[in-house]
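Shown next, in structure tokens, is the structure this report addresses.
What follows draws every value from the coordinates through simple rules; no lab data is involved. Bear in mind that the values here come from a model prediction, so they are computed numbers and not experimental data. Counting neighbours? That spans all protein chains shown, and the Cβs are built from the backbone with ideal geometry, glycine included.
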Amino acid sequence: MDLKSGIAAVVTGGASGLGEATARRLAADGAKVAIFDMNAERGALVAKEIGGVFCQVDVTSDASVAAGFLAARARHGQERVLVNCAGIATGAKTASRPKDGGAPKPAPLDAFEKTVQINLIGTFRCIAQSAAGMMGEASLDDGERGVIVCTASVAAVDGQIGQAAYSASKAGVAGMTLPIARDLSTEGIRVVTILPGTFETPMMAAMSEPVRAGLAAGVPFPKRMGRPAEYASLVAEICRNVYLNGECIRLDGAIRMAPR
């Protein structure tokens, strides 16, 4: 996939964090980028700075996702690259004892369901709608029609205490990578998933400095949190290297998460 040819790309969750870094990198490499996000103010600002287009999209809604793709394609044409970065992180123990000493209570399911709806089902919703559009396009070099990059997490494999919902949602993204790549193989559409470790994102910025320092110290090498630009660099390489397909790639400095 030659990004310098001015192909169209869509980045979900592109208003901040890993998604923003990816949108900026793809635009710098020559792609025409559409940002899907719920944060209209920030999304519009980033889109303006990179010469792209912003579409306010809720990935839990079929209609919202369809409208986003319609608007993006009206501006840039059919996307050949989709990067799924939209997601949330939640935490709750499966069951817990109240601090007041009352009876143990199970975790509320609404938070679990919301996490799966956004992280897993939202990712699949965007994949399916984008792939349908890609299938109508002519093949490029090597018979390729498009490439889809998904974002899971090392929590898909090394889930910590309180991460049942988050880990399940991200494990689902990793688990569907190969089947979807096989589904779309005859159409020349590749699917690759990245499993980031601890990265400098707005979510991490909200944590205290001691917590951030502890997370950085747990990385074997380099002893720091990952930089969004490093995630974006891997996305760019996945786009370029047509032989990368159906794979899940850890990007984590060799970290293996402890139980807590």
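Under 24 Å between alpha carbons: how many lysine pairs meet that in the chain, if sequence neighbours fewer than 8 apart on the same chain are excluded?
Total qualifying Lys-Lys pairs in the chain comes to 8.
Separation between the ARG256 and LYS48 pseudo-spin-labels, each 7 Å from Cα along Cα→Cβ, expressed in nm?
If labels sit at ARG256 and LYS48, their model points lie 4.9 nm apart.
Evaluate the charge dipole of the stretch 1-77 about its Cα centre and quote only its size in Debye, nearest 20, assuming +1 on the Cβ of each Lys and Arg and -1 on the Cβ of each Asp and Glu.
It comes to approximately 260 debye.
In whole Hz, what ³J(HN,Hα) sequence does the stretch 187-201 give by Karplus (6.51, -1.76, 1.60; θ = phi - 60°), x for Gly and Pro?
Values, residue by residue: 9, x, 10, 8, 9, 9, 10, 9, 10, x, x, 7, 10, 6, 10 Hz.
Along each principal axis of its Cα atoms, how long is the stretch 52-119 end to end? Whole angstroms, biggest number first, please.
Result for the stretch 52-119: principal-axis Cα extents of 59, 19, 16 Å.
Which order do peptides 44-52, 122-130, 183-191, 148-156 fall in by mean Cβ count within 10 Å, highest first?
Averaged packing, sorted descending, gives the order 148-156, 122-130, 183-191, 44-52.
How large is the convex hull of the C-alpha atoms of the stretch 7-93 per residue, in Å³?
90
Please get the size of the charge dipole for the chain, origin at its Cα centre, with Cβ charges of +1 on Lys and Arg and -1 on Asp and Glu, quoted in debye to the nearest 20.
Approximately 660 debye in magnitude.
Just order 20-32, 109-121, 227-239 by mean Cβ neighbour count inside 10 Å, highest at the front, would you?
Result, highest mean Cβ count within 10 Å first: 20-32, 227-239, 109-121.
Rank by packing, highest mean first: peptides 163-170, 64-71, with packing defined as the count of other Cβ atoms within 10 Å averaged across residues.
Sorting 163-170, 64-71 by mean packing, highest first, produces 163-170, 64-71.
How long are the semi-axes of the equivalent ellipsoid of the stretch 198-260, defined as square roots of 5 times the Cα gyration tensor eigenvalues? Whole Å, largest first.
The three semi-axes for the stretch 198-260 are 26, 13, 9 Å.
Of VAL157, PRO220, ALA31, whose Cα points farthest to the positive end of the dipole of the stretch 3-251 (charges on the beta-carbon: +1 Lys, Arg; -1 Asp, Glu; origin at the Cα centre)?
The one lying farthest along the dipole's positive direction is PRO220.
What Kirkwood hydrodynamic radius, in Å, does the stretch 103-177 give when the mean of 1/r is taken over all pairs of distinct Cα atoms and then inverted?
Mean inverse Cα-Cα distance, inverted, gives 14.2 Å.
Per residue, how big is the convex hull of the chain when only Cα atoms are used? Give it in Å³.
Roughly 129 Å³ of hull volume per residue.
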